[in-house]
Amino acid sequence: MSTTTGQVSFDPAQLAPQDRFEAWRHAVNTAFVPLDASTEHPSSFHGALTGLALGSLSVAGVGGDAVTVRRSRQAIAAGDPGVFKFALQVQGSSLTRQDGREALLSPGDLVIYDTRRPYDLVFGGAYRMFVVQIAVEQLGLSAEQARAVVAQRIPGSAGLGALTSSLLGSLDDQLQKGEMAPDPRAASAVLQLVQATLLSRFRPAAEVPTRDVVYLEAVRHIDDHLGDPELGVGAVARALHVSLRYLQGVFAQEGTTISEWIRQRRLERCRMELGDPSQAHRSVSAVAARWGYPEASSFSRAFKHEYGVSPGAFRREVAGS
């Protein structure tokens with residue numbers, strides 16, 4: 001198990017084959033909750049896990065060969081932190097069983113299950129899942145709602161399911177590349193969209209909180225257009241078909257502004273690229289322009305104000321570390 005900038009990674013490839021499955025099972029138990037796991041071919045099993053504390057949530061990408069995972073009453077007694085797991089099927093397929101229901105997932109589909117009660121996860125072949133762990137009190141579901149929504153397939157092809165699937169898929173990609181920052185704002189965004197997706201299964205569509213959806217759509221649009229120097233409040237409002245005032249109010253309730261959010265995301269991308277040895281051939285100005293800073297001088301000032309060092313000095317520090 002290795003740790004880098006808050007990210008925890010586990011890959012048993014360097015272990016002896018006979019030790020890999022047990023080491024993977026231990027890593028999964030540590031990252032999630034106490035679980036029982038079994039596989040037909042433990043001596044040839046390969047699995048991996050990457051996790052990160054994301055503000056008030058924790059996320060993890062987990063995958064491997066065919067395996068069955070069980071959360072038994074004994075395992076619950078051994079450790080019950082009281083969390084929901086909201087999962088995206090990234091690769092392969094799986095079967096989730098809880099409270100007498102079954103959810104068969106294909107890539108892009110979503111499911112939620114409750115660690116306070118027994119459940120089974122069956123992976124018939126190679127798979128990968130992206131899992132968000134959410135404390136019970138954070139999710140805000142009543143006991144009746146929680147029992148009604150677990151182990152039900154949420155299609156990732158339409159409506160809020162599609163938006164949620166896309167966001168979590170993007171986060172999984174960032175996690176695997178080591179590009180995800182433990183930003184509390186990202187946790188808030190994920191939590192709001194998960195809540196909206198689940199509530200949509202209890203209410204008519206018109207009653208789903210639209211502020212949460214607009215916020216997540218805005219965040220996604222901004223990330224997809226960071227390289228556009230014209231990206232700003234007006235452009236985002238036009239893309240989402242909402243008024244400037246409404247959009248500004250949405251971000252104000254998150255404790256920020258759209259302009260500040262765009263600035264932070266651009267600087268984060270620039271900093272990440274400047275610290276990447278594979279991008280050393282790009283000039284500082286080229287990196288800045290790629291992420292929406294056409295003027296090198298304004299980028300240099302913004303970068304130094306944010307990080308206390310010029311872009312060039314930062315790149316040299318990273319190269320010399």
ALA87 - would you say it is part of a helix (DSSP H, G or I), in contact with a strand residue (DSSP E or B) (Cβ under 9 Å, 6 or more places away or on another chain) and buried (at least 18 other Cβ atoms within 10 Å of the Cβ)?
no
Exactly one of ALA16, ALA31, ALA60 is modelled with pLDDT under 85, of a type in the set (A, V, I, L, M, F, W, C) and in contact with a strand residue (DSSP E or B) (Cβ under 7 Å, 6 or more places away or on another chain), and that residue is ALA31
Return yes when TYR215 is out of contact with any Ser or Thr (no Cβ under 8 Å at 6 or more places or on another chain), part of a helix (DSSP H, G or I), farther than 22 Å from GLN174 by Cα and not aliphatic (A, V, I, L, M) and no when it is not. no
Residue pairs qualifying under the 7 Å Cβ cut-off, at least six apart or on distinct chains, with the first in segment 14-35 being in contact (Cβ under 8 Å) with a residue 12 or more places away in the chain and the second being in a helix (DSSP H, G or I) and hydroxyl-bearing (Ser, Thr, Tyr), are PRO17/SER43; PRO17/SER44; GLN18/SER43
Residue under question is THR68, and the condition is that it be hydroxyl-bearing (Ser, Thr, Tyr), touching a helix residue (DSSP H, G or I) at 6+ places or on another chain (Cβ under 7 Å) and surrounded by 13 or more Cβ atoms within 10 Å (Cβ to Cβ); does it hold? no
Of the residues in segment 195-212, those that are of a type outside the set (D, E, K, R), crowded, with 17+ Cβ neighbours inside 10 Å and either modelled with pLDDT of 55 or more or assigned to a helix (DSSP H, G or I) (or both) come to GLN195, ALA196, THR197, LEU198, LEU199, SER200
SER56: passes all of (1) crowded, with 16+ Cβ neighbours inside 10 Å; (2) more than 16 Å from GLN176 (Cβ to Cβ); (3) among the polar types (S, T, N, Q) but (1)
Taking segment 229-248 and keeping residues of a type in the set (A, V, I, L, M, F, W, C), outside any loop (DSSP other than H, G, I, E, B) and closer than 22 Å to PHE299 by Cα leaves VAL233, ALA235, VAL236
>> Being in contact with a Leu (Cβ under 9 Å, 6 or more places away or on another chain) and either open to solvent by 40 Å² or more (accessible area, probe 1.4 Å) or assigned to a helix (DSSP H, G or I) (or both) is the requirement here; does ARG220 meet it?
In response: yes
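What residue, of GLY82, GLY61, is surrounded by 20 or more Cβ atoms within 10 Å (Cβ to Cβ), touching a Lys or Arg at 6+ places or on another chain (Cβ under 8 Å) and among the small types (Gly, Ala, Ser)?
Values: GLY82 fails: surrounded by 20 or more Cβ atoms within 10 Å (Cβ to Cβ).
When all the criteria are applied, what remains is GLY61.
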Residue hits (segment 290-304; in contact (Cβ under 8 Å) with a residue 12 or more places away in the chain and surrounded by fewer than 16 Cβ atoms within 10 Å (Cβ to Cβ)) are PRO294
Note on segment 128-153: residues within 17 Å of the chain's Cα centre (by Cα) and of a type outside the set (Lys, Arg) are MET129, PHE130, VAL131, VAL132, GLN133, ILE134, ALA135, GLN138, LEU139
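The values are calculated or read from the model by the stated rules, or taken from the named source; none is laboratory data. Computed from a prediction, not measured in an experiment: that's the story for all the values here. Cβ coordinates were reconstructed from backbone atoms using ideal geometry, including for glycine residues, and neighbour counts include every protein chain displayed. Each accessible area value is taken on the protein alone, full model and side chains, heavy atoms only, with ligands, DNA and RNA left out. Shrake-Rupley method; radii C 1.70, N 1.55, O 1.52, S 1.80 Å.
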